[in-house]
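Since the structure comes first, as structure tokens, the remarks are kept for the end.
The values are calculated or read from the model by the stated rules, or taken from the named source; none is laboratory data. Remember, it's a predicted structure, so these values are computed and weren't measured experimentally. Note: ideal-geometry Cβ built from the backbone for every residue, glycine included; neighbour counts use all protein chains shown.
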Amino acid sequence: MTVYTKGVVFDGVDFDDPDCWKLDRYVKRGGYAALRKIIEGSISQDSVIAEVKLSALRGRGGAGFPTGLKWSFMPRQFPGQKYLVCNTDEGEPGTFKDKDIIELNPHALIEGMIIAGYAMGISVGYNYIHGEIFQDYRRFEAALQEARDAGLLGENILGSGFSFQLYAHHGYGAYICGEETALLESLEGKKGQPRFKPPFPASFGLYGKPTTINNTETFASVPFIIREGGQKFLELGKPNNGGTKLFSISGHVSRPGNYEVPMGMPFAELLALAGGMRDGGKLKAVIPGGSSAPVLPAQIMMDVTMDYDSISKAGSMLGSGAVIVMDESVCMVKALRRLSYFYYEESCGQCTPCREGTGWLYRIVDRIERGEGSLGDLDLLESLGKNIAGRTICALGDAAVMPVQGMLKHFRDEFLFHIENKRCLVH
Amino acid sequence: MLEIEIDGKKLTVPDGSTVMEAAEAVGTYIPHFCYHKKLSVAANCRMCLVQVEKAPKPLPACATPVTDGMRVFTKSDLAVKAQQGVMEFLLINHPLDCPICDQGGECQLQDLAVGYGDVDSRFSEVKRVVPNKDLGPLISTDMTRCIHCTRCVRFSEEIAGAQEIGMAGRGEHSEVMSFIGLTVDSEISGNVIDLCPVGALTSKPFRYQARSWELSRRKGVSPHDGLGSNLILQTKGGRVVRVLPRENESINECWISDRDRFSYEALMSSERLLTPELTIGGQVVSTSWDSALSKVAEEIKGTIEKFGADSIGVVASPNSTVEELYLINKLFGGGLGVRAINTFGRMSDYRLVSESEGVRWLGQSISELRQSDLFMIVGSDLRMESPLLAQQIRQSVKRGAELCVLSPSSSKQLCRSVERIVRPDELLSSLVSIAHSVVVKIGKSVPAVLQLAGLLADDDPMVEAIAKVAGRGGRISILLGEQVENSPQALEIAKVASLFAEAISAEFGWSFASANKVGAQLLTVDSADPTFSRQRKMLIGFGVDLCADSPNAQLMSHQVRAADALVLFSPFKPLSHVAPFSASLPVAPFSETGGSYINIEGVVQAFNGAVRCAGDARPGWKVLRVLGNLLSIPGFDYQSVEDVRRAALGDLEKLSSSTLNNSIDVEDVRINEKHNALIRVGDVPIYQSDAVVRRSHSLQETKLAGCSRLARMNSKTLSSLMINHGDNVLVSQGGAEFSIVAEEDDTLPDFAVALPAVIDGCGVLGELYGPISVKKNM
Ligand SMILES: Cc1cc2nc3c(=O)[nH]c(=O)nc-3n(C[C@H](O)[C@H](O)[C@H](O)COP(=O)(O)O)c2cc1C
Ligand code: SF4
Ligand code: FES
């Protein structure tokens, strides 16, 4: 699988070097310089947060929340324990970027988390790693040990008086544990089920203590921002969409893989980077931001640029940056059936609309796919979607509905054809 | 305070209130399933979605904190559409089998479906089916009906204190269940039946007995422990078919114990005595009340004439009503001059009666008790004695209070606590040591009695905990339980506890496991001498099983066997008719008579009979009235149970503080020498506590009932006796032997044998907390 970078997280990584993840290699390409800069220059917590704000870095976990702003919500003066948590539970179908970060450049994440801990006055962090990438979990543990041995992590970091402990924790592969409050429950040893918000983790997080949670890529972008300056990061992308972004490109392209490119790159350019369509196929549709993002048809897609604002204007989301490319051989009913099955199986089951609704959605799509649908089913799907979205405890409900809405918006004909002719339009 | 407007109604609510609470305060009903005022907020059913001004989405009222100036619309189009949407989801997989569902007619889903459900279903897929679970003999399951509100899950963890119910699986495959292979064994488990909004968890004993709309509701008061839980007795066709809690925030909140809930099964058991029976010359004959009572009156008269009033012994259950106890004392004590009248259950140290300055009680109200910063429970297996009091203390501990337990055996309190488990004969010396150490630690002067035992280690956790709270002037409550009440050193322990309480400015009181122990003390005539030290010619029992309810079954069974006459007033058939003259008189149980109980906080709670008496049974007060008249004792012309109550209590609703008094008049306290001889820990098993409970079939099937059929010892005791876990052993007290299975239980102190007060064949056993010997049964 290809990894390509013109950016921040993988800045300078030689992917052909099997030891590229190691501390000495990381230091050689400028690693831990940001941490040293803070410590040696006694840069204040406020200045670090200000730098992150300036960079316009937005959360890479899916929601795109401005990271600097999130950090400023942490009650730094809180007298008890506070926690920093990294979300490497990457379970959204189509997304596989965080996995590569902890495999190929784990120290960028570690350094980013130490800086975040420093900025928010937090002394303990956890990295919650998806259960099905156990090798990468081991790799991350090895990197942690290197950092500890080098005095970069643990007590009294680089003699600064600042201490930060960081632990790795691996889950068991439940998608819902990527939702930040379910992740906290799971980290506490409980069943991974989202909590109702408010209270938000910033006031009531891990073990009830103030907690900041960010995605792996978010943290791994921080060393660059501190080292090179927020302004430089911002300028890599576009206003309000700072920096570069990792896109996990999958589907019918010649070279699927992770591509780290500046925000705002036209989709057409990104597609070309990935070698264009596989076997000369013709682009039919793209899910631009992970399986929960509404699908966009080719003609719309070829006009968007890859950033939060442009994709949102086109009616979808940048999400986690997973770009699922589909050529004309794809039956949209079948594709939706697969997506709906995922959400049905991954619903945690605590709240009614999601527990009952995701199964219902899936069964209707499944019926249509099997040629047993009826004309009323499409309206029913839309109506159910409205009854699920926005009424659940966490956003999984919305995530399950968006693919349905996107498909029905852009490919209604295909569904109608299935219902009326009891067979597929494509095959 | 925050201002909020709900459907146009303005009100102010305290900070931290939720929209649901505000709506309740203003009388606006918001449909809900998972919300329950006593449980944590789960916000999972989504039925309570309402519209909040400026919020883009409908919000769950139960979990949404009120903000100042908030405007909420519970019946707007947006809110109602959201609620209807949720209702549709709840119904798609819910079986529409209301006609065969036990919850039918009292189902929140059924009720709300009428308001929010649609006539037709848009769901044409196959419905989900969920296998049922075995939760034990009390709770019946139909898990396909579960709507996943997790009320039962939250109850078991938050209120009952043990995670016995959970939701396993994910998404649509989520199932509420107990641990694999385990049942739900909590002593307050039945509350999940009330909490379950649908027919997933229902009462097993009540299954298919009746429809809710066929039932009449009568007020009742628990006859099983001193809390005085308020009950609703539901009746059909002249029978009690179900018992539910009647909410009383200051006593039982909205809960009842399983004992209160399921004991009614005994009321219609085949063991009920339905006509008076006389045994004359070995022949049992059913007879009329007239003939039975005149024979009994004759027998009493004859016995007194021939042998004097002291040849009669009376034992009345401390679960008897105020009216019954008043008439028993008036008839036998005042009227006939009988002094051996025991209304104190298993108490064996009668100095507690003679040396108490008033009526012993909780020492404060139940609501005040809950406010304690530290509870010190001395000599009580509180969860088994008074399950809901234990529950309330657990809630206080969760809010930050400390709990210290000093006891010879204690079921886990299921909350944070410091426990000290000691031999029953070391309860006194341990208490003295603790008291001594605490008083020294907080720098107060130590009363002489508290110096009788040495100091504990400086870092003793119990001493530290008490001293810390005492030092900062926190509210401490010292609570004595049945293990003290039934101990031969009860008086000394009580004295030491009261001195300790005084020295550290603590509250001090008693938690009784009988419904009317306070009433029994109040009503006992001055001349009473409840000891049964010498053989009586005639024994009279009221509401008791003479041996099982006695402090020393061995002595009592000698008494019974040697007596010439036995008169038993009881709702139940006697275990045997042995005396030359035996009379069994069917008196009404708690459900068939009016009366009143005085609970541990001194509150008088009156109730009426819920159903007519079964068979020829008659309310106890009426039977005693007739007997009084037959014996020509003046003043037995009461017209109603209220008349009797007025004679007994005047118009009191709560005993006065001059009557309620825990002071103990004793100067001389001596502490036994330490020794290692085997000693019995004869606690009363929760489902053997009285004659009614003992005959409740389903309660007897529970695990808790099963645990009490073993002789438990810790591993050290077992190995010193060369006994293995599971061995058959012979236990003996006072020369009589008894065979039982041994079980290892390391929660017990060394050289102590937990052998319950009541087990089949226990008639041969003696003192509850006395010497015992155990050997392997070869
Ligand atoms: C169902 C669901 C699954 C999620 N899975 C992930 C995930 O795998 N990784 C992740 O970083 N964020 C995931 N999120 C988003 C997190 O809840 C959270 O917003 C994010 O970790 C915050 O980090 P960021 O601000 O750096 O993006 C998920 C959210 C939902 C609702
Ligand atoms: S939306 Fe789904 S996944 Fe999220 S809390 Fe509700 S049931 Fe669980
Ligand atoms: S009552 Fe509010 S979500 Fe269930």
Could you tell me which residue of region B:583-604 is farthest from B:S250 (Cα to Cα), considering only residues that are of a type in the set (V, I, T) and surrounded by fewer than 24 Cβ atoms within 10 Å (Cβ to Cβ)? B:V604
A:A63 versus (1) closer than 13 Å to A:G230 by Cβ; (2) within 16 Å of ligand 2 (Cβ to nearest atom): which is the lone unmet condition? (1)
Tell me, which residue of region A:396-416 that is within 14 Å of chain B (Cβ to nearest Cβ) and under 20 Å from B:L78 (Cβ atoms) is nearest to ligand 3 (Cβ to nearest atom)? A:G397
Just one listed residue, out of B:I476, B:I466, B:I493, is more than 27 Å from the chain's Cα centre (by Cα) and under 24 Å from B:L389 (Cα atoms), and it is B:I466
Out of A:R423, A:R367, A:R391, report the one residue that is touching a strand residue (DSSP E or B) at 6+ places or on another chain (Cβ under 7 Å) and either within 30 Å of A:F200 (Cβ to Cβ) or away from ligand 3 (no atom under 16 Å from the Cβ) (or both). A:R391
When A:F78 is run through (1) modelled with pLDDT under 95; (2) of a type in the set (A, V, I, L, M, F, W, C); (3) surrounded by fewer than 16 Cβ atoms within 10 Å (Cβ to Cβ); (4) outside any loop (DSSP other than H, G, I, E, B), the failure sits at (4)
If I go through region A:159-180 residue by residue, how many of them are within 12 Å of another protein chain (Cβ to nearest Cβ) and hydroxyl-bearing (S, T, Y)? 2
So which residues in region A:213-235 are of a type in the set (A, V, I, L, M, F, W, C) and in contact with a strand residue (DSSP E or B) (Cβ under 8 Å, 6 or more places away or on another chain)? A:I213, A:F219
Candidate set from region A:375-426 (those that are part of a loop (DSSP other than H, G, I, E, B) and within 21 Å of B:F123 (Cβ to Cβ)); member that is farthest from the chain's Cα centre (by Cα): A:L375
Could you pull out every one of the helices (runs of 4 or more DSSP H) wholly within region A:103-198 that has 2 or more residues that are modelled with pLDDT of 95 or more and surrounded by fewer than 15 Cβ atoms within 10 Å (Cβ to Cβ)? A:134-149
Any residue at all in region B:77-84 that is closer than 16 Å to A:C351 by Cβ, within 14 Å of chain A (Cβ to nearest Cβ) and at pLDDT 95 or above? yes
Can you tell me which condition A:D19 does not meet? The list is (1) over 30 Å from A:R76 (Cβ atoms); (2) at pLDDT below 95, and all the others hold. (2)
How many of the residues in region B:39-68 are out of contact with any helix residue (DSSP H, G or I) (no Cβ under 7 Å at 6 or more places or on another chain), surrounded by 15 or more Cβ atoms within 10 Å (Cβ to Cβ) and more than 8 Å from chain A (Cβ to nearest Cβ)? 2
Scan region B:69-76 and give yes if some residue there is buried (at least 20 other Cβ atoms within 10 Å of the Cβ), hydroxyl-bearing (S, T, Y) and within 14 Å of chain A (Cβ to nearest Cβ), otherwise no. no
Residues of region A:182-199 classified as away from every other protein chain (no Cβ under 12 Å) and either within 16 Å of ligand 3 (Cβ to nearest atom) or more than 20 Å from B:C149 (Cα to Cα) (or both), total: 6
I need a count of the residues in region B:92-137 that are in contact with a helix residue (DSSP H, G or I) (Cβ under 9 Å, 6 or more places away or on another chain) and in a helix (DSSP H, G or I). 8
From the option list B:T275, B:T303, B:T321, single residue qualifying as under 27 Å from B:N230 (Cα atoms) and surrounded by 15 or more Cβ atoms within 10 Å (Cβ to Cβ) is B:T321
Filter result (within 14 Å of B:N599 (Cβ to Cβ) and in a loop (DSSP other than H, G, I, E, B)) within region B:224-242: B:H224, B:D225, B:G226, B:L227, B:G228, B:S229
Find the residue count for region A:307-365, including only residues that are within 16 Å of ligand 1 (Cβ to nearest atom), in contact with a helix residue (DSSP H, G or I) (Cβ under 9 Å, 6 or more places away or on another chain) and part of a loop (DSSP other than H, G, I, E, B). 9
If only one of B:F89, B:F33 is part of a helix (DSSP H, G or I), within 12 Å of chain A (Cβ to nearest Cβ) and among the aromatic types (F, W, Y), which one is it? B:F89
Take residues that are touching a residue at least 24 places away in the same chain (Cβ under 8 Å) and surrounded by fewer than 24 Cβ atoms within 10 Å (Cβ to Cβ) and tell me which of the helices (runs of 4 or more DSSP H) falling wholly in region B:383-502 contain 1 or more. B:387-398, B:427-441, B:461-471
Looking only at region B:41-59, which residues are within 11 Å of ligand 3 (Cβ to nearest atom), of a type outside the set (G, A, S) and out of contact with any Leu (no Cβ under 8 Å at 6 or more places or on another chain)? B:V41, B:N44, B:R46, B:C48
Are any residues in region B:560-579 under 16 Å from B:G543 (Cβ atoms), of a type in the set (S, T, N, Q) and assigned to a loop (DSSP other than H, G, I, E, B), and if so, which ones? none
Tally, over region B:128-157, of residues that are closer than 20 Å to B:P31 by Cα and in contact with a strand residue (DSSP E or B) (Cβ under 8 Å, 6 or more places away or on another chain): 4
Exclusive hit being more than 14 Å from chain B (Cβ to nearest Cβ), away from ligand 1 (no atom under 13 Å from the Cβ) and over 28 Å from A:Y207 (Cα atoms), set A:A108, A:A56, A:A119: A:A56
Could you pull out the residue among B:D97, B:D102 that is among the acidic types (D, E), more than 14 Å from every other protein chain (Cβ to nearest Cβ) and surrounded by 18 or more Cβ atoms within 10 Å (Cβ to Cβ)? B:D102
Matching residues in region A:348-393 - criterion: being more than 10 Å from chain B (Cβ to nearest Cβ) and within 13 Å of B:C45 (Cα to Cα): none
What's the total number of residues in region B:37-68 that are in contact (Cβ under 8 Å) with a residue 24 or more places away in the chain, farther than 22 Å from B:L11 by Cβ and away from ligand 2 (no atom under 15 Å from the Cβ)? 3
Number of the exception - B:L182 against (1) over 35 Å from the mean Cα position of the chain (by Cα); (2) away from every other protein chain (no Cβ under 13 Å); (3) assigned to a loop (DSSP other than H, G, I, E, B): (1)
